[in-house]
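Comments concern the structure below.
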Amino acid sequence: MSERTAVGVIRRRTPGARALRVLLYAVLFAAALAYLLPLVVMVMTSIKPLSEITPGNLLALPEAPTLAPWIKAWGEACTGMRCEGVGGYFWNSIAIVVPAVAISTMVGALNGYALTKWRFKGSELIFALMLFGCFIPFQVVLLPMAQTLGWLGLASSRSGLVLVHVVFGIAFTTLFFRNFYVAIPDELVSAAKLDGAGFLRIFWRILLPVSAPIIVVSVIWQFTQIWNDFLFGVAYSGHDTQPVTVALNNLVNTSTGAKEYNVDMAAAMIAALPTLVVYVLAGKYFVRGLTAGAVKG
Amino acid sequence: MSALEIQHLCKDFSSTQVLKDVSLAIDSGEFLILVGPSGCGKSTLMNAIAGLEPVTSGKILIGGEDVTWRTPAERDIAMVFQSYALYPSMTVRGNIAFGLEMRKVPKVEREQAVERVADLLQISHLLDRKPSQLSGGQRQRVAMGRALAREPQIYLFDEPLSNLDAKLRVEMRTEIKKLHQRLGTTIVYVTHDQIEAMTLADRIAVMRDGQIQQLGTPNEIYNDPVNVFVAGFMGSPSMNFISARLEKDDTTWQLHISDPEQGAELSLPWPVDRVTEAMVACQGQSVLLGLRPEHFAEAGDQRSGHQQAARLEALVSVVEPTGADVLINLGLGGNEVVARVGPDCRVAPGERLALSVDMRRAVLFGQQGGQRLA
């Protein structure tokens with residue numbers, strides 16, 4: 001945009017101001033490049049054959065692009081003792097993330113609804129205590145949670161990981177939904193009560209249909225958190241139930257034979273893609289949802 | 001049997017008493033308005049009737065049945081909210097039919113009810129729209145439609161017109177009155193707008209500090225207020241209160257108003273046939289004379305027809321023509337009083353104006369506590 005077209009802004013076009021502007025764009029451009037470079041290197045490395053990587057020129061464009069590293073990363077690469085690629089673990093992650101996101105979002109929505117529209121003595125205190133959950137470091141609960149999963153017979157299972165993520169996610173999802181519902185007029189609920197609807201009916205028919213923005217926020221947040229989780233994944237999973245993040249770690253750290261950087265990069269891309277896809281598809285709702293309460297007034 | 005009866009209702013919020021021993025009864029088909037300044041408990045009383053707020057003590061009976069501890073759904077009432085509270089995700093049709101659907105009314109009957117209500121309120125063309133696509137007045141109609149569809153025993157209106165602009169408010173007021181005349185429904189209506197109260201109500205309950213100050217017809221409330229608060233709250237511009245000394249000489253009663261500016265005293269005669277026992281007790285004491293702006297008239301104005309009218313003269317400070325009449329601010333006995341005179345009055349600020357006062361309609365209050373004397 002040229003300076004002339006900027007509406008309602010008056011600027012003096014002195015040489016000094018111009019020089020500053022050029023400098024500003026130069027800095028921004030350099031910063032953008034610095035942030036993009038790792039991604040560029042990753043993508044390029046993942047489609048180079050190993051022979052092009054070993055000379056050591058990271059930034060060289062691939063001469064003979066190939067998808068072989070991706071195929072190997074998905075189905076053949078060794079993660080520890082097994083050589084089955086990260087594909088199977090990718091599905092593990094899906095099988096953990098989908099129910100965990102769905103359950104934590106649903107429970108958060110119900111909590112937020114109950115805490116705002118069916119206030120009871122101490123409901124504010126309960127909300128404050130739940131907020132604590134957002135600030136508890138994961139490491140603190142590693143051992144007690146392992147014990148609990150053992151008692152429940154869920155150790156090393158996908159269900160166990162789902163439970164852990166749901167429990168941790170509820171603090172955040174409750175916060176999201178509570179703050180969203182607090183802005184929705186209580187009179188709506190009063191009207192529905194007079195019309196004869198009960199707790200769940202009001203939630204299902206009146207509140208949930210207007211909750212799309214905050215559901216998107218909750219889903220993106222939870223999806224990203226759970227998909228990217230490594231600590232719980234490595235602590236509570238068995239061989240067959242490892243999520244893709246753990247498999248990626250194992251793949252990269254496997255030390256038999258030559259280091260296949262291209263396969264490592266491809267595997268890392270595979271592990272990172274879903275969160276990117278979710279954000280690209282629903283990102284605009286994410287921003288909208290986060291600011292929904294703020295701009296409505 | 002009363003459609004709605006409230007017996008000794010009390011409501012405490014932690015340490016504050018919001019409702020203090022409120023009792024009232026409404027006949028079937030009656031239009032009752034609860035009016036009062038904000039914080040007087042009128043909305044709390046309405047929420048208690050609706051079942052949205054549990055009460056501390058007392059009883060609520062609807063159609064003779066004790067519903068004090070029933071849920072809102074079990075009380076057979078419908079409510080129109082100040083914010084309309086239309087369900088945002090449903091169409092107008094869905095909004096109107098929701099209450100029937102919750103009560104498991106068959107679909108065909110629901111459709112009929114929606115059609116009937118939409119016809120009545122002239123919103124048939126809006127049935128497939130969402131609330132966000134409606135104007136304020138249309139939302140107001142839908143909110144009433146939602147209440148009407150269920151045909152409950154009692155309708156509750158919680159300041160339903162206060163979100164509308166002035167013109168629309170007057171239109172909808174008439175609309176509500178027409179609707180009530182046509183359907184003969186029992187309505188409890190909360191407002192802080194005393195004109196709404198006067199124009200709509202069969203009876204008005206004026207509330208203050210959690211108590212009903214006076215319950216009566218608009219005429220009673222306006223012309224026969226029980227205390228200074230009710231007298232001052234109803235009417236716009238509000239009633240003038242003038243400090244005066246009550247004296248009796250031989251057979252006539254006089255109100256002496258001292259005027260510090262003139263140094264002279266002004267005397268107004270009190271009609272002999274309106275002397276009460278309470279007045280006798282206050283003889284020689286200071287009382288409050290209540291005069292509504294329309295109790296004044298330009299001296300010699302034929303229109304007023306005041307007989308037995310007392311005369312006085314006062315300095316004009318402000319003249320406000322409204323078109324239909326002229327409001328004049330006057331200095332009287334050190335007080336600023338407002339008089340409503342005919343539209344032809346051509347007085348200017350700074351001039352003195354001769355007025356007649358209709359003492360037959362004047363009211364007297366005690367200086368302490370503001371209780372009515374006569």
Towards the positive end of the charge dipole of the stretch A:11-66, with charges on Cβ (+1 Lys, Arg; -1 Asp, Glu), say which of A:VAL27, A:PRO15, A:SER51 has the farthest Cα.
-> A:PRO15
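Taking beta carbons within 10 Å but only from partner chains, what does the mean come to for residues A:181-192? If you can, show how the numbers build up before the last one.
Numbers: counts 0, 0, 0, 1, 6, 4, 9, 7, 2, 10, 17, 7.
Neighbouring Cβ atoms belonging to other protein chains average 5 per residue here.
Helix-only mean residue ellipticity at 222 nm, chain B, DSSP H runs n ≥ 4 weighted -39,500 (n - 2.57), per residue, nearest 500. What is it?
Working: 9 runs with 91 residues, N = 374.
Taking each H run of at least 4 residues, the total per residue is -7000 deg cm²/dmol.
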Which one of B:GLY284, B:GLY235, B:GLY51 has the biggest mean-square fluctuation once chain B is modelled by GNM with Cα springs under 10 Å?
-> B:GLY284
10 Å binning of all Cα-Cα separations within the stretch A:35-178, expressed as whole percents from 0 upward = 10, 23, 24, 20, 16, 6, 1
With at most 11 other Cβ atoms within 10 Å, longest stretch of chain B clear of loop trypsin sites (Lys or Arg not before Pro) (DSSP) = B:105-302
Could you grab the Rg to Rh ratio for chain B? Cα atoms only, Kirkwood for Rh.
-> 1.06
Under 16 Å from the Cα of A:LYS72 - aspartates and glutamates, other chains or at least 8 residues apart | A:GLU84, A:GLU260, A:ASP264
If N is the residue count of the stretch B:103-188, its Cα Rg over 2.2 N^0.38 Å rounds to 1.10
Among rounded, prolate and oblate, which fits the stretch A:87-296 when a ≥ b ≥ c are the square roots of the eigenvalues of its C-alpha gyration tensor, a/c under 1.5 means rounded, and a/b larger than b/c means prolate?
-> prolate
Project the alpha carbons of the protein assembly as shown onto their principal axes and report the range along each, largest first, in whole Å.
-> 128, 76, 50
Express the relative contact order of chain A as a whole percentage, based on alpha carbon pairs under 8 Å and six or more residues apart in sequence.
-> 27
Apply the membrane-span-like helix rule to chain A: whole DSSP H runs, Cα extent along the own long axis of at least 30 Å, mean Kyte-Doolittle hydropathy at least 1.6. List the helices found.
-> A:15-46
Give a quick list of trypsin sites (Lys or Arg not before Pro) in the stretch A:49-144 that DSSP marks as loop, anything other than H, G, I, E or B, with at most 15 other Cβ atoms within 10 Å.
-> A:ARG119, A:LYS121
The stretch B:128-204 to the stretch A:78-126: how many Å between their Cα centroids?
-> 46
Go ahead and set up a Gaussian network model of chain B, Cα springs under 10 Å, then flag whichever of B:VAL347, B:VAL18, B:VAL337 fluctuates most.
-> B:VAL347
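Taking the convex hull of the alpha carbon atoms in the stretch B:240-366, what volume per residue do you get, in Å³?
Working: hull volume 12.7 nm³, N = 127.
Looking at the stretch B:240-366, the number lands at 100 Å³ per residue.
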Kirkwood Rh in Å, taken over all unlike Cα pairs in the stretch B:308-374 | 13.3
Listed residue pairs exceeding 27 Å between alpha carbons, taken from A:LYS117/B:LYS107; B:LYS59/B:LYS178; A:LYS117/B:LYS104; B:LYS104/B:LYS130; B:LYS59/B:LYS177 = A:LYS117/B:LYS107; B:LYS59/B:LYS178; B:LYS59/B:LYS177
Where no second cysteine Cβ lies under 4.7 Å, the cysteines concerned in chain A | A:CYS134
Could you work out which residue, out of B:VAL357, B:VAL272, B:VAL287, moves most in a Gaussian network model of chain B, that is, has the largest mean-square fluctuation with Cα springs under 10 Å?
-> B:VAL272
Under the helix-only model (-39500 (n - 2.57) for each DSSP H run of 4 or more, divided by the residues of chain A), the mean residue ellipticity at 222 nm, to 500 deg cm²/dmol, is -23000 deg cm²/dmol
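Bear in mind that the values in this text are calculations on the coordinates, not laboratory data. Quick caveat, the model's predicted, so the values are computed rather than measured. Virtual Cβ from ideal backbone geometry, glycine too; neighbours counted across all protein chains shown.
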